[in-house]
Amino acid sequence: MNYSLGERIVNDDPNNPWNMAPTYQVFENATSLFSNLFILQNPDENTNMFTNFGTSFFATCLLLTGDTSSLSNWPYEKNPTLMILIMLFAFIMAIYILNVFITLFGEAVKDYDDSHLIMKAEHLAKIELFYLLPHQRRWESWFPEVMHYYSSVNKTRKKIKEMFENKEWSTSTSEFSELKEDLLKKLHMIDK
């Protein structure tokens, strides 16, 4: 339904822009000696969103997104408690959200100490396969045939023990059996 913005149309349609516009009422100032007229905007359900639990919960959700319009009816200079509560709310929510992100990040990287090495190898393989010409793929200065990584002896022993327990370490059937046996000798470990 199309509504004219130049001519007022009054009906019960909640989407009518004339029903959504703020309305004002003229009052006579009966408290003063001079009877002056003044205009006030009529209050509605959104004037004070903290009158019941449902709308106050919604106003708090709006505060989380940064919308402070539900608090705009109170002057901040006359309500220092309100200013303190708003600043306290913003500070506590910032700390809370940062803690949530830290927890999520900690869960994401837990037990993946060497994942950056695997990711590096995967990226190198993708670059070599999809972004290089055949003669560039053979450049050993860019892509060496063997890559060396350094690890502490204690971490290496711990990882090999884990692989023994999970039955992932086998020197008899693996493709690098000689290297594995040599590594066990250098670490003074016995193949189980």
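The values are calculated or read from the model by the stated rules, or taken from the named source; none is laboratory data. Given the structure is predicted, the values throughout are model-derived calculations rather than measurements. Because the Cβ atoms are built from the backbone with ideal geometry, glycine has one as well, and the counts that use them run over all protein chains shown. Keep in mind that these areas ignore ligands, DNA and RNA; they rest on the heavy atoms of the full protein, side chains included. Shrake-Rupley method; radii C 1.70, N 1.55, O 1.52, S 1.80 Å.
Values for this structure:
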{"read-out": "Among the candidates Ile86, Ile95, residue that is open to solvent by less than 80 Å² (accessible area, probe 1.4 Å), among the β-branched types (Val, Ile, Thr) and closer than 23 Å to Asn46 by Cα", "value": "Ile86"}
{"read-out": "Verdict on Asn2 being in a loop (DSSP other than H, G, I, E, B) and within 28 Å of Ile97 (Cβ to Cβ)", "value": "no"}
{"read-out": "Sole residue being among the acidic types (Asp, Glu) and over 37 Å from the mean Cα position of the chain (by Cα), chosen from Glu28, Glu77, Glu45", "value": "Glu28"}
{"read-out": "Looking only at region 142-167, and only at residues there that are within 20 Å of Met119 (Cα to Cα) and among the polar types (S, T, N, Q), the one that is modelled with the highest pLDDT", "value": "Thr156"}
{"read-out": "Candidate set from region 105-119 (those that are exposed (fewer than 10 other Cβ atoms within 10 Å of the Cβ) and either among the charged types (D, E, K, R) or at pLDDT 90 or above (or both)); member that is farthest from Thr65 (Cα to Cα)", "value": "Asp111"}
{"read-out": "Count of region 123-171 residues which are among the aromatic types (Phe, Trp, Tyr), open to solvent by 100 Å² or more (accessible area, probe 1.4 Å) and not in a loop (DSSP other than H, G, I, E, B)", "value": "1"}
{"read-out": "Single residue of Thr68, Thr60, Thr51, Thr55 found to be of a type in the set (S, T, N, Q), free of Cβ contacts under 8 Å to residues at least 60 places away in the same chain, open to solvent by 70 Å² or more (accessible area, probe 1.4 Å) and not assigned by the TED database to the domain that holds Met119", "value": "Thr51"}
